[in-house]
Each structure stands twice: as structure tokens, then as C-alpha cells.
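Comments concern the structure below.
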Amino acid sequence: MLNAPELYYAAGQSAAQAANQNDPARAEHWRTWRIRAIRLETTADALAAERAYDDGYRAARNVPRPEHFR
């Protein structure tokens, strides 16, 4: 693996923080960085890198969840 999984995790967190702050340009930057970096990885490493990025994104993204009426 060319880049450490922690780097992909941190990139996912940065993209999520940008999305949380309604900053589409910065979110797009991290999305294109991910695409370019994963293209350099081998197939097996690309899957692990994608998983690390998604885990970081999911951990940092604040998505409002609706509360259903009781």
C-alpha cells in the first residue's frame, strides 16, 4: 500500500468535516484526492483504502436523523 490506511481515514474525516460545514469546494478536493490516490493502489489495497476512507467519513459526518412521532 502506497499510503497508510490512517491517511485515507483522515482524508475521509476531512471530507466529512467539510460537508458538515457546508463547504462543497473542500469536500470536492478530498473526494478527488481519494479517487487519484486509490487509482495508484493495487486492487486489494484499493479496497482497503476505500474502506478506511468510508469509515473515516462515516465517523465524522453529522447527519441529522429525524425523530419519528410516538
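What to note about this one:
- Residue match in segment 59-68 (condition: part of a helix (DSSP H, G or I), in contact (Cβ under 8 Å) with a residue 12 or more places away in the chain and of a type outside the set (A, V, I, L, M)): no
- Taken together, the residues in segment 30-56 that are farther than 13 Å from residue 3 by Cβ, touching a helix residue (DSSP H, G or I) at 6+ places or on another chain (Cβ under 8 Å) and without any contact (Cβ under 8 Å) to a residue 40 or more places away in the chain amount to 2.
Residues are listed down the side, and each one gets a yes or a no for (1) within 8 Å of the chain's Cα centre (by Cα); (2) open to solvent by 40 Å² or more (accessible area, probe 1.4 Å):
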{"site": "8", "(1), (2)": "yes, no"}
{"site": "20", "(1), (2)": "no, yes"}
{"site": "25", "(1), (2)": "no, yes"}
{"site": "37", "(1), (2)": "no, no"}
{"site": "43", "(1), (2)": "no, yes"}
{"site": "55", "(1), (2)": "yes, yes"}
{"site": "61", "(1), (2)": "no, yes"}
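The values are calculated or read from the model by the stated rules, or taken from the named source; none is laboratory data. Remember, predicted model here, so these are calculated numbers, not experimental data. With ideal geometry, Cβ positions are generated from the backbone for all residues, glycine too; neighbour counts draw on all protein chains shown. In case anyone asks, the SASA skips ligands and DNA or RNA and just uses the protein heavy atoms, side chains included. Shrake-Rupley method; radii C 1.70, N 1.55, O 1.52, S 1.80 Å.
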